[in-house]
Amino acid sequence: MKRLVIASFASVLLVGCALVSKFDQNSYNAAQGLQQASLALMGQRLVSIPTNDIITLQAQLQAAVAYEQGKLPANKIPALQWQVLTATNGDLLGGFLTDWMNNKPCSPAYLTEKENQINAGFAEIMRLEGGLLK
Amino acid sequence: MTIDWNNLLHEIETGVLNAAVKDAEIYAAQALSDAAEFIAASTESVAKYIGLYTTEQITASELKSLLLGLGELCELQGLTQAGLAEVELEKIRNTILQTLISIVGTAVKSAVAG
């Protein structure tokens, strides 16, 4: 009976492994690169609508989301983070780029605060990725 | 080969519990500190957004977008904590497993030697 208890306990521990994905250098680099690219592009917000650059960035963001979704089911939480940050109907990067493409007016103070939010959003993604087991 | 099962189970119980509690306590303290820091920063942001609106530096629509953005940022922070908690759970699981293997291994070696 005691052997059974120990064996059961060990089995539970072993079966419960690999609930989260491992650290992925590609994911971390993508977040870092897209953070820099996004903030650099946002700096032009009050000057012009660089349509091609926005479309390129949107495509890169979609590729990053697809890459994270490709690691499901273990990568569920990071994939969800990317979705929140890039949602075109949201109020972080995805929504900001949509508004920009639609030529929605924007004040300098708003732009500064939105840049801070988007910067912090990428930082959260990198904080989680950096905290995953190597 | 004889093994003192009562003693072994007691050692496992104590060893596993100590390992798990120690890791969990360290993580919980860090998580609480992160949450408190985020709440303080968010409160400060809301006050700043309201200030910008009342001084007409941003429009009502922009205020709304900033508040909704802050909410989404809060969601991202919550997801980070949830992910890190899962990682911590896995670390604790690994610690327990190592403790278990070590205790059982020692008991088997002693029994074989005896």
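The values are calculated or read from the model by the stated rules, or taken from the named source; none is laboratory data. Worth saying up front: this structure is predicted, and the values here are computed from it rather than measured. FYI the Cβ positions are ideal-geometry reconstructions off the backbone, even for glycines, and counts take in every protein chain you see.
Could you list, in sequence order, all residues of the stretch B:1-11 that are at pLDDT 80 or above and among the β-branched types (Val, Ile, Thr)?
Within the stretch B:1-11, none qualify.
Tell me which residues, restricted to the stretch B:39-56, are over 27 Å from A:TRP82 (Cβ atoms), exposed (fewer than 12 other Cβ atoms within 10 Å of the Cβ) and among the aliphatic types (A, V, I, L, M).
B:ALA47
Can you tell me which residue among A:SER48, A:SER38, A:SER21 is assigned to a loop (DSSP other than H, G, I, E, B), more than 26 Å from B:LEU89 (Cβ to Cβ) and among the hydroxyl-bearing types (Ser, Thr, Tyr)?
A:SER48
Determine which member of the set B:ALA40, B:ALA24, B:ALA29 is within 24 Å of A:GLY90 (Cα to Cα) and more than 11 Å from every other protein chain (Cβ to nearest Cβ). Can you show your working first?
Details: B:ALA24 fails: within 24 Å of A:GLY90 (Cα to Cα); B:ALA29 fails: within 24 Å of A:GLY90 (Cα to Cα).
After applying the criteria, what remains is B:ALA40.
Please specify each residue of the stretch B:50-71 satisfying the condition of being closer than 18 Å to A:GLY90 by Cα and under 35 Å from the mean Cα position of the chain (by Cα).
Once the filter is applied, which keeps residues that are closer than 18 Å to A:GLY90 by Cα and under 35 Å from the mean Cα position of the chain (by Cα), the stretch B:50-71 yields B:GLU62, B:LEU63, B:LYS64, B:SER65, B:LEU66, B:LEU67, B:LEU68, B:GLY69, B:LEU70, B:GLY71.
Checking the structure you have, find out if any residue of the stretch B:97-114 is within 8 Å of chain A (Cβ to nearest Cβ), in a helix (DSSP H, G or I), under 19 Å from A:LEU132 (Cβ atoms) and of a type in the set (Val, Ile, Thr).
Looking through the stretch B:97-114, none of the residues is within 8 Å of chain A (Cβ to nearest Cβ), in a helix (DSSP H, G or I), under 19 Å from A:LEU132 (Cβ atoms) and of a type in the set (Val, Ile, Thr).
Counting only residues that are more than 16 Å from B:GLU90 (Cα to Cα), surrounded by 12 or more Cβ atoms within 10 Å (Cβ to Cβ) and of a type in the set (Val, Ile, Thr), which one in the stretch B:1-38 is nearest to the chain's Cα centre (by Cα)?
Per the stated criteria, the residue is B:THR14.
How many residues does the stretch B:74-88 contain that are surrounded by fewer than 21 Cβ atoms within 10 Å (Cβ to Cβ), more than 8 Å from the chain's Cα centre (by Cα) and in contact (Cβ under 8 Å) with a residue 12 or more places away in the chain?
The qualifying residues number 1.
In the stretch A:71-82, which residues are over 14 Å from A:PHE122 (Cβ atoms), out of contact with any Lys or Arg (no Cβ under 8 Å at 6 or more places or on another chain) and touching a residue at least 12 places away in the same chain (Cβ under 8 Å)?
So the first thing to find is which residues in the stretch A:71-82 are over 14 Å from A:PHE122 (Cβ atoms), and the list is A:71-77, A:79-80.
Then keep just the ones that are out of contact with any Lys or Arg (no Cβ under 8 Å at 6 or more places or on another chain); that gives A:71-77, A:80.
Within the stretch A:71-82, A:LYS71, A:ALA74, A:ASN75, A:ILE77 meet the criteria.
The conditions are (1) among the polar types (S, T, N, Q); (2) loosely packed, with under 14 Cβ neighbours inside 10 Å; (3) within 8 Å of chain A (Cβ to nearest Cβ), and B:THR59 fails exactly one of them. Which is it?
Going through the list (1) among the polar types (S, T, N, Q); (2) loosely packed, with under 14 Cβ neighbours inside 10 Å; (3) within 8 Å of chain A (Cβ to nearest Cβ), B:THR59 breaks only (2).
Among the residues of the stretch A:89-134, how many are within 7 Å of chain B (Cβ to nearest Cβ), under 21 Å from A:GLN62 (Cβ atoms) and not hydrophobic (A, V, I, L, M, F, W, C)?
6
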